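Report on the following structure.
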Amino acid sequence: MGYDYRIGDCRELFKTVPDGSVRLVVTSPPYNIGKPYGTYKDKIALNDWQELISDVTREVHRILTPDGSFFLNLSPVPLGDSREIMPLPFLGYQILKANGFCLRNMITWTFNNMQNCTNRLSGRYENILWGVKDIDHYVFNLDEVRVPYISKNDKRLEGGSGRNPTDVWYFDRVNNMTKKKLNLSHPTVYPLPMIVRIIKMSSHPGDTVLDPFAGSGTSLIAAKILGRSGIGFELDAKYENEYKRRMETEGLIPAGVFDELKDDREKSEAFQKALSAVLMDPKKPR
Ligand SMILES: C[S@@+](CC[C@H](N)C(=O)[O-])C[C@H]1O[C@@H](n2cnc3c(N)ncnc32)[C@H](O)[C@@H]1O
């Protein structure tokens with residue numbers, strides 16, 4: 001397996017990736033809300049933001065295999081100084097369609113750990129748009145991502161072992177305590193177990209997974225854990241060391257820790273235990 005984290009503007013770096021060579025692209029772009037990324041200024045004209053996402057989507061369509069998938073994470077956000085909410089997932093959908101993708105699911109990712117608002121309802125979800133190139137032919141490893149049954153009825157209705165995870169997912173956001181533990185400065189780190197689910201679901205071992213807005217490299221860490229190759233592009237050089245450190249620690253967590261069929265308590269205990277173990281002794285074979 002190879003892991004390639006490159007510094008630069010993804011629109012340029014895409015040019016080095018051959019047509020039809022990547023099975024899965026998963027990414028969370030900047031949301032245009034003024035996050036302090038560093039080199040990238042996260043408050044630009046909405047048209048410019050749409051152009052960035054369109055340029056990226058066009059390239060994603062080119063590099064994906066015919067059965068490939070694009071997972072684009074977007075959220076409703078306060079728009080500039082107006083304080084009105086702009087549903088970025090709606091814009092994302094239009095951009096996907098304009099660039100040849102079919103929408104397979106619009107996943108709602110919900111979480112609790114987020115700031116509270118006093119003048120509107122507190123935001124507690126983001127969307128992940130799952131776009132495919134061919135609506136009749138794409139990778140979907142349902143058995144890899146089945147989750148525990150809620151009731152006996154589930155078992156009767158769904159057969160097999162575990163139920164479909166549905167299009168509503170709960171994953172805690174990475175909080176400041178965890179970031180401190182991992183020594184991460186990146187402001188918007190993805191929850192690793194969520195990216196593990198997407199990669200298991202929509203790629204095969206040995207495939208290549210690419211993230212054009214790689215940040216601290218969560219998508220590449222998840223690819224390594226699952227035996228996929230990874231390519232990441234990131235504009236700001238300061239995150240490269242965080243990515244490298246994560247590959248040498250979190251990247252060693254065994255895939256079994258992310259077994260979807262464990263209940264939430266077991267999952268989070270297993271993850272915290274494995275994380276502490278690799279942070280204490282990253283060199284120990286696992
Ligand atoms: C939402 S963050 C991604 C976080 C990532 N999912 C993680 O888990 O760490 C978006 C990232 O895109 C980077 N970025 C912005 N514009 C870019 C561009 N044109 N090419 C590559 N990276 C870019 C920012 O510096 C930022 O780190």
Phi-derived 3J(HN,Hα) across segment 228-245 with the Karplus relation (6.51, -1.76, 1.60, θ = phi - 60°), rounded Hz, x for Gly and Pro, is 10, 7, x, 10, x, 10, 8, 5, 9, 5, 6, 8, 5, 5, 5, 4, 4, 4
Provide the net charge surrounding L279, with neighbours chosen by a C-beta distance below 9 Å and charges set as Lys +1, Arg +1, Asp -1, Glu -1.
-1
What is the dipole size for segment 3-280, taken about its Cα centre, with +1 at each Lys and Arg Cβ and -1 at each Asp and Glu Cβ, in debye to the nearest 20?
600 debye
Take the chain, connect every pair of alpha-carbon atoms lying under 10 Å apart with a spring to form a Gaussian network, then pick out the residue of L88, L121, L210 with the largest mean-square fluctuation.
L121
Highest GNM mean-square fluctuation among A222, A214, A98, for the chain with Cα springs under 10 Å, belongs to A98
With runs of 4+ DSSP H residues as the only contributors, calculate the mean residue ellipticity of the chain at 222 nm using -39,500 (n - 2.57) per run, divided by the residue total and rounded to the nearest 500.
-9500 deg cm²/dmol
Let me see the P(r) profile for the chain: every Cα-Cα distance counted, bins of 10 Å, each bin given as a percent of all pairs.
6, 28, 38, 23, 5, 0
Spelling out what I want: for every residue of segment 132-146, take phi, set θ = phi - 60°, compute 6.51 cos²θ - 1.76 cosθ + 1.60 (Karplus), and round to whole Hz; glycine and proline get x.
10, 6, 10, 5, 9, 8, 7, 7, 8, 8, 4, 5, 6, 10, 5
Per the C-alpha gyration tensor (a ≥ b ≥ c, the square roots of its eigenvalues), segment 140-219 is rounded if a/c is under 1.5, else prolate if a/b beats b/c, else oblate; here it's oblate
Counting other Cβ atoms within 10 Å, which trypsin sites (Lys or Arg not before Pro) in segment 1-108 have at most 15 and lie in a DSSP loop?
K41, K43, R83
Compute the length gained on full extension between K43 and K15: take 0.36 nm times their separation in residues and subtract their Cα-Cα distance, giving the result in nm to one decimal.
7.5 nm
GNM top mover of S82, S69, S21 - the chain, alpha-carbon springs below 10 Å:
S82
Along the charge dipole of segment 3-280, pointing to its positive end and built from +1/-1 on Cβ of Lys, Arg, Asp and Glu, which listed residue (M201, G162, V60) has its Cα farthest out?
G162
Estimated Rh, segment 70-175: Kirkwood, alpha-carbon pairs, angstrom:
16.2 Å
What shape does segment 58-105 have by the C-alpha gyration tensor, where a ≥ b ≥ c are the square roots of the eigenvalues, rounded means a/c under 1.5, and otherwise prolate means a/b greater than b/c and oblate the rest?
prolate
Does segment 142-286 come out rounded, prolate or oblate by the C-alpha gyration tensor, with a ≥ b ≥ c the root eigenvalues, rounded set by a/c under 1.5 and, if not, prolate when a/b is larger than b/c and oblate if not?
prolate
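Quick note: the coordinates plus some simple rules give every number you see, no bench work behind them. Owing to the predicted nature of the structure, the values given are computational and were not obtained by experimental measurement. Neighbour counts are summed over all protein chains in view; Cβ atoms, including those assigned to glycine, are modelled from backbone coordinates with ideal geometry.
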